[in-house]
Amino acid sequence: MTAKMTTPIAPERAPDWRALRKDFPILSLQVRGRPLIYLDNAATTQKPRAVLDALRDFYEQRNANVHRGVHELSNRATAAYEGARETAARFVNARQTGEIVFTRGATESINLVANTWGARRLQAGDVILLTEMEHHSNIVPWQLLAARTGARLAFLPVTGPEGLLDLSRLDEWLTSEVKLLAFTHVSNTLGTVNPASQLCSMARRKGIVTLVDAAQSTGHRPLDVQEIGCDFLAASGHKMCGPTGIGFLYGRMERLAEMPPWHGGGDMIESVDYHTSTWKQPPHKFEAGTPNIAGAAALAAALEYLDRLGRPAIAAHDAALAAHALEKMSGLGGLRILGPASGRAGVVSFLMDGIHAHDVVTMADHAGVALRGGHHCNQPLMKKLGIESTARASFYFYNTFEEVDRLVEVLREIRRYFSR
Ligand code: 7TS
């Protein structure tokens, strides 16, 4: 598999998005007496029947613990779990299956790197370079690590109303003190898509280790860790049609091999005596205790589902919905949209003059439209932008242009209500 980050999708090859909505039982719900319009996909996505079936199938046909039984069910559970690892490795084009460590999600993946690679490699005077648009998950673990090691944090600036990273002086930011560059691939507030390959290749040339927070991108666009050239990549299953409580960390094998374990317990050891223990090789060294076996099996079903649709097609549909929303919403007036004017992901944060984001979201909910309001775990970015919160619509492939039109109609009604 090679990266096709900008491959245009021929319309005749795009899936029938409307038809596949029937794969998602929850999308036919009525909420507050209205058909549900679910536009909170950056928080979590809905699950197709293939994923729900995989969970049930696991518990009905394979449930046992992994890596320990010789009995048939344990073999089936191990095959499901390790098969899921192979699927995840293929999904991001890892060089080897062992470069995938199952975690609870992007947050745990980042904490794992901070507590293992970071704790071993960083010391006082070192710099952890982040960006001003990071989610709290890619800030707080580094603050905790900085407090332990004496390293300090620095932030690549976000510029202008477009909310893009200022890369004009990137070279100056990548000083010899910088040991790690950790950045989000797609901003969950701005919808900005950062140039991951460019950032990683510049960092790599200077011997700086890189971590990509791909929580908002993994299931939304083609993604190839070899093409990006990152050392680590963090992904959440629930943001790409998988269940909650399962995600993964991709780690370049040479990095994983130099990392000490984080959690200790069963399954991660080679041998234990009362005072010392030895560890398994990665990835098992980082997976102490009984893992989320059913979650991994269902995540694999989600990844296979997404690849049947095709990630270039998903990315094109996300982008088309966002462009449609931008166009229609800009006709409303008195509404400020954050982030880039074009080339953005399917995330649209906005402010309505004189109306609090929570009022927007509450009133939209009464019309059956699920938005999110708040700081979206981006408090430092909000402070920088001089705002407290935004309302946010975030799209996925099962959303339709009619749903976007309905959103805009609801926003118009909200405006009318508040101007009475
Ligand atoms: N990184 C980014 C960029 C995110 O958007 C999120 C979650 C995370 C990390 C954390 O992912 P988790 O699965 O480990 O929790 N973002 C959001 C959001 O925008 N609304 O709710 C959660």
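The values are calculated or read from the model by the stated rules, or taken from the named source; none is laboratory data. Keep in mind that this is a model prediction, so the values were computed, not measured. Cβ sites come from the backbone with ideal geometry, for glycine too, and all protein chains shown count toward neighbours. For accessibility, only protein heavy atoms count, side chains too; no ligands or nucleic acids. Shrake-Rupley method; radii C 1.70, N 1.55, O 1.52, S 1.80 Å.
Values computed for the structure shown
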| quantity | calculated |
| --- | --- |
| Some residue of region 309-319 being in a helix (DSSP H, G or I), charged (D, E, K, R), open to solvent by less than 20 Å² (accessible area, probe 1.4 Å) and touching a residue at least 12 places away in the same chain (Cβ under 8 Å) | yes |
| Residue within region 253-271 that is within 24 Å of Val66 (Cβ to Cβ), open to solvent by less than 40 Å² (accessible area, probe 1.4 Å) and touching a His at 6+ places or on another chain (Cβ under 7 Å) present | yes |
| Tabulated pairs, region 228-250, first within 20 Å of Thr116 (Cα to Cα), second charged (D, E, K, R) and more than 10 Å from the ligand (Cβ to nearest atom), C-beta under 8 angstrom, 6+ apart or interchain | Cys230/Arg252; Asp231/Arg252; Asp231/Arg255; Phe232/Arg252; Phe232/Arg255; Tyr250/Glu99 |
| Qualifying residues in region 388-412 (those that are touching a His at 6+ places or on another chain (Cβ under 9 Å) and surrounded by fewer than 17 Cβ atoms within 10 Å (Cβ to Cβ)) - the one farthest from Arg32 (Cα to Cα) | Glu388 |
| Selection count where residues are outside any strand (DSSP E or B), in contact with a Leu (Cβ under 8 Å, 6 or more places away or on another chain) and of a type in the set (D, E, K, R), scope region 369-412 | 2 |
| Residue that is nearest to the ligand (Cβ to nearest atom) [pool: residues in region 83-102 that are more than 20 Å from Ser197 (Cβ to Cβ) and open to solvent by 10 Å² or more (accessible area, probe 1.4 Å)] | Phe102 |
| Selected residue (only one of Pro222, Pro161, Pro141 is in the same structural domain as Met259 (by TED's automatic domain parsing), more than 16 Å from the ligand (Cβ to nearest atom) and within 18 Å of the chain's Cα centre (by Cα)) | Pro222 |
| Near pairs, Cβ below 7 angstrom, 6+ apart or cross-chain, from region 103-125 (part of a loop (DSSP other than H, G, I, E, B)) to any residue that is of a type in the set (Ser, Thr, Tyr) and surrounded by fewer than 22 Cβ atoms within 10 Å (Cβ to Cβ) | Leu122/Thr149; Gln123/Thr149; Ala124/Thr149 |
| Of all residues making up region 362-387, the number that are open to solvent by less than 40 Å² (accessible area, probe 1.4 Å), within 13 Å of the ligand (Cβ to nearest atom) and within 23 Å of Pro25 (Cβ to Cβ) | 2 |
| Qualifying residue in region 67-86 (condition: more than 30 Å from Ser176 (Cα to Cα) and touching a strand residue (DSSP E or B) at 6+ places or on another chain (Cβ under 6 Å)) | yes |
| Any pair with Cβ under 8 angstrom, 6 or more apart, that starts in region 326-346 at a residue that is in the same structural domain as Leu385 (by TED's automatic domain parsing) and ends at one that is small (Gly, Ala, Ser) and open to solvent by 30 Å² or more (accessible area, probe 1.4 Å) | Leu326/Ala341; Gly334/Gly354; Ile337/Ser330; Ser342/Ala323; Gly343/Ala319; Arg344/Ala319; Ala345/Ala319; Gly346/Ala319 |
| Failed criterion for Leu351 (all others in (1) open to solvent by 60 Å² or more (accessible area, probe 1.4 Å); (2) in a strand (DSSP E or B) hold) | (1) |
| Only listed residue being within 11 Å of the ligand (Cβ to nearest atom) and either open to solvent by 10 Å² or more (accessible area, probe 1.4 Å) or among the small types (Gly, Ala, Ser) (or both), chosen from Ser176, Ser187, Ser197 | Ser187 |
| Test set (1) open to solvent by 20 Å² or more (accessible area, probe 1.4 Å); (2) within 11 Å of the ligand (Cβ to nearest atom) - Ala215 fails condition number | (1) |
| Filtered residues of region 103-126 (kept if closer than 29 Å to Ser168 by Cβ, surrounded by 21 or more Cβ atoms within 10 Å (Cβ to Cβ) and more than 20 Å from the chain's Cα centre (by Cα)) | Gly118, Leu122 |
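Yes or no, residue by residue, for (1) open to solvent by 10 Å² or more (accessible area, probe 1.4 Å); (2) assigned to a strand (DSSP E or B):
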position: Leu211; (1), (2): no, yes
position: Leu223; (1), (2): no, no
position: Pro243; (1), (2): yes, no
position: Gly295; (1), (2): no, no
